[in-house]
1. Let me spell it out: the conditions are (1) modelled with pLDDT of 95 or more; (2) touching a helix residue (DSSP H, G or I) at 6+ places or on another chain (Cβ under 7 Å), and SER75 meets all of them except one. Which number is the exception?
2. Give me the residue from segment 123-132 that is buried (at least 20 other Cβ atoms within 10 Å of the Cβ) and either at pLDDT below 95 or closer than 21 Å to PHE185 by Cβ (or both) and, out of that set, farthest from the chain's Cα centre (by Cα).
3. Out of all the residues in segment 76-91, which are in contact (Cβ under 8 Å) with a residue 12 or more places away in the chain and over 16 Å from the mean Cα position of the chain (by Cα)?
4. For LEU140, are the conditions met, namely being part of a loop (DSSP other than H, G, I, E, B), more than 22 Å from SER23 (Cα to Cα) and either in contact with a strand residue (DSSP E or B) (Cβ under 8 Å, 6 or more places away or on another chain) or without any contact (Cβ under 8 Å) to a residue 60 or more places away in the chain (or both)?
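The values are calculated or read from the model by the stated rules, or taken from the named source; none is laboratory data. Note that the structure is a prediction, hence the values are computed from the model and not measured. We place every Cβ from the backbone using ideal geometry, glycine too, and count neighbours over all the protein chains shown.
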Amino acid sequence: MDAYFSADVETDGPIPGPFSMLSFALVYAGSFDGEKFARPTVYDRVFYKELRPISENFQEEALRVNGLDRQRLFSEGALASDAMTEASRWIKAVSGAAKPVLVAYPLSFDWSWLYWYFVQFSADGSPFEYSRCFDIKTALAVKARLPISDAGRSKLGETLRSQRTHTHHAIDDAIEQAEIFANVFEWSGVSGRTF
C-alpha cells in the first residue's frame, strides 16, 4: 500500500545547496492499495519546520514570495539535520506498514529540495527512497488529455480545485495541494475535455 504525503517547500533560491530551504510542510494525503484510494476526512496530520539557512546566498525575489525572514531563521530556525531526521521518522510513523510517496504539483521543484535535504542531512536518509513520488501535474495531463505544458493549476476545473487559497505558507499550500491530489486521483478523466 502507498501512503501519500503532500509536500510544499519555501526556499530562498532556485536550487538546493547553493541556496536554502527555509520552510517545508508535509501533510498526510491518503492511501492507495492498488484498488481503493482513501482520502483523509480532515488534513490534520501535518509536519512543519522552519529551517536555519545553510548558505549566505539568497534571491530577494524568492523572499518576497514567501515572506520568510532569513535573519530570524539564522537564530530561530531548526538545524537541517534535526528537522530532516525528525521529518523522516514522522513520515515512517504515519505510514506504518505502507510505503511513503511524496506528492506535489509540480513535483520537480519540491522533490529536488526535499530529496537533497533528506539525503544530505537526515540520519535516516530519504523516507521516499530515490523515486517514490507522484506528480499531480502529470496525472492531470494524462487524465485531461492535455500536453504537460498546458497542465498548470490554471487548467484545473472547478471540481478539481481546492476551496483553499494559495498563500505561500507551506502548511496552507500543502493542504490545498493534498485536496487537489485527491480530487485528481479520484477523477475518472475527460471525454471531450470538459472538467
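1. SER75 satisfies all of (1) modelled with pLDDT of 95 or more; (2) touching a helix residue (DSSP H, G or I) at 6+ places or on another chain (Cβ under 7 Å) except (2).
2. PRO127
3. Scanning segment 76-91 gives GLU76, GLY77, ALA78, LEU79, ALA80, SER81, THR85, GLU86, ARG89.
4. The answer is no for LEU140.
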